[in-house]
Amino acid sequence: MPATDVDTKLLGKTGGFLAACRPTDLVYFTLNVGDGDTQLLLLPEHEKGKRYCMVVDCIRAEKLFKLIEDLADTGVLGEVEPLLALVVATHPHDDHISGMAALLRRFGNEHIGELWEPGYYHTSGAYIEMMRELEDLDIGHLQPAGGTTRYLDQVRLTVLAPGIVLRNKFDSYGVNINNASIVLKIDFPAARILERGPDRTLMRLGSTQTLILGGDAQTHSWGQVLTDFPQLGPASTAVTDALRKSGGTTPLDAQVFKVPHHGSKHGLNLELVEAIHPAISIVSSVHAGGKYHFPHDVTQAALREAIDPISSKPEDHHKPDPELNILYTASREVKGARKPADVGPLGTVGLLVGTGGRQEIWRFGDEPTDDVDLSKGRPMRPEG
Amino acid sequence: MAGKGSAWLPKRRPGPARAKLKPWEPPEVAKQLARDGEWDKVRYIVVDELHEGVAGLVVSPWPRLDQRGRLVFGGEDESRRVATPASVLLKVLRQTRLPVVRKEVDEETAEKLRVRRLAIGDTFAARIEEPPGEPGGGGPGGEPTEDPGDWLKEPVLDITADALEAARTQMSAAVGGVFGEELLETIGAEIAEEDADAGEEEA
């Protein structure tokens, strides 16, 4: 059976997704849109029933619109302005922004707080349409580079890429359009101060969870990220310990990794995934190849080896991808060990990311051309 | 159908009605491809991706101009994605490409423009047979089509320079705004003043 497929035994019963969404959860959807990206993040409620959202890339805008409407109809999203606190167009490829103009037009000044795009101009109709719609809006706009940090309530966003060196080479010096991608690091919860009456305490929460959304960044861009965001071990001396200094930093360590460029072999390497060491990896691509044959075998091998290292034990085999929490929007659900029968698509991935370190994976069984039916969500449980 | 709980969400808004707008008419494209005025038969073709020898093209309707002179292509379902082997596309272009540049170039440069390698962002204008590929964003992908010569009609105008200018213009207008005649006159007057001061100092 193809590595992207998932045995039916790993899936729970249909239903219960809405009840599973806790008000304090960050809810992250990677929509099954085929060969492309549309991502929706619901930030934790800031008051009862009120969540701001983020959209990262948008194709098949109608599918996203329907999901947002269903989330509002079911009460997960309450009335709030702006609903979309931040919209990010990671880079101007058609398979990331073809629906962006429709999104900007629909949600407009009232419901879009800011738009981020990398400042890399492209001749495509989708790009020119997006920028024409932006011209008609009066919203915040940013062309961020590595190091830009923004807090949205309890969520901290850090732009990992494009690094400033790449940013300064846009236009004339041959930066690949994929390497213009905005790569986002999302830390949650970001609030660290416990307030009890007049007492405030700086908490060192061990449960902060991190998502890295890789856009289509390629190894050239990731190389800059590794330079700009070094993994630093703690400098542990009696003096530094006494001053509570130098605790070290692992800025690329993340629980959730949206794999860059649909699993292209140029989107990552082993060292990068080792630095991230994700608990959950998500690949958005078509099933069984498509025109670029994503995801590439070498990418899948790097993901598996970084998460489940066996190279020095040649007699061992990697665990199956579902057990390593390597998820594909293109996955098929299959039944039976010898001649697995196709049950249907697994489709859109929904992740519930809790304040205390909880992660729940849900799948919605939609094809790229289907809407996401929230009532059809099924929890996915890794074996063992 | 959206329910009551989502009634507060803004409604979908249609884009500009393309049919009521005039086409974008770069002179060479008008001369070579739309002498009969049938702009609907012309397509705007962008090399959107080059990967492992495959060229990902986006084939869009020929743009029209809104009242402010901005290009209008239409919604995502009006464009199609086509994948083709880059080498085959280049071969077709060697026979059909007509570079469009604004300044005079010598013969050697003209030939280099005609046979240059593909790059992401290259943009062409051509009349076409109905292309293969997927309408709208995403889609199941599929294998690259064998021969773009089956659907690209000669001549294929390489309008990359004009398209880059249009993209840069739209980006600049979106992020930095536009200015009108009044400010242009003020700028001109200040430049003249500076020049006059500099002249006096030199004298």
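The values are calculated or read from the model by the stated rules, or taken from the named source; none is laboratory data. Since this is a predicted model, take the numbers as computed values, not measurements. So basically every Cβ, Gly included, is an ideal-geometry build from the backbone, and we count neighbours across all protein chains shown.
Annotations for the structure displayed:
- Restricting attention to region A:36-56, the residues that are in contact (Cβ under 8 Å) with a residue 60 or more places away in the chain, surrounded by 24 or more Cβ atoms within 10 Å (Cβ to Cβ) and out of contact with any Phe, Trp or Tyr (no Cβ under 7 Å at 6 or more places or on another chain) total 5.
- Residue match in region B:63-70 (condition: more than 9 Å from every other protein chain (Cβ to nearest Cβ) and either more than 30 Å from residue A:108 (Cα to Cα) or assigned to a loop (DSSP other than H, G, I, E, B) (or both)): yes
- Residues satisfying the stated conditions in region B:5-16, i.e. over 19 Å from the mean Cα position of the chain (by Cα) and either acidic (Asp, Glu) or part of a loop (DSSP other than H, G, I, E, B) (or both): B:7, B:8, B:9, B:10, B:11, B:12, B:13, B:14
- Residue in region A:21-58 that is farthest from residue A:347 (Cα to Cα), counting only those that are at pLDDT below 95 and not in a loop (DSSP other than H, G, I, E, B): A:47
- Tally, over region A:240-299, of residues that are touching a strand residue (DSSP E or B) at 6+ places or on another chain (Cβ under 6 Å), β-branched (Val, Ile, Thr) and more than 22 Å from residue A:320 (Cβ to Cβ): 1
- Total residues in region B:14-51, condition within 14 Å of chain A (Cβ to nearest Cβ) and loosely packed, with under 12 Cβ neighbours inside 10 Å: 2
- Residue A:175 falls short on exactly one of the conditions (1) part of a loop (DSSP other than H, G, I, E, B); (2) of a type in the set (Val, Ile, Thr); (3) at the interface with chain B (Cβ under 9 Å from one of its Cβ atoms), and that condition is (3).
- Failed criterion for residue A:198 (all others in (1) crowded, with 18+ Cβ neighbours inside 10 Å; (2) over 22 Å from residue A:152 (Cβ atoms); (3) out of contact with any strand residue (DSSP E or B) (no Cβ under 6 Å at 6 or more places or on another chain) hold): (1)
- Here residue A:115 meets each of (1) out of contact with any strand residue (DSSP E or B) (no Cβ under 6 Å at 6 or more places or on another chain); (2) within 29 Å of residue A:229 (Cα to Cα); (3) within 14 Å of chain B (Cβ to nearest Cβ) with one exception, condition (1).
- Within region A:1-20, the set of residues being part of a helix (DSSP H, G or I) and of a type in the set (D, E, K, R) comprises A:9 only.
- Residues in region A:207-221 that are β-branched (Val, Ile, Thr), more than 11 Å from residue A:355 (Cα to Cα) and more than 12 Å from the chain's Cα centre (by Cα): A:219 alone.
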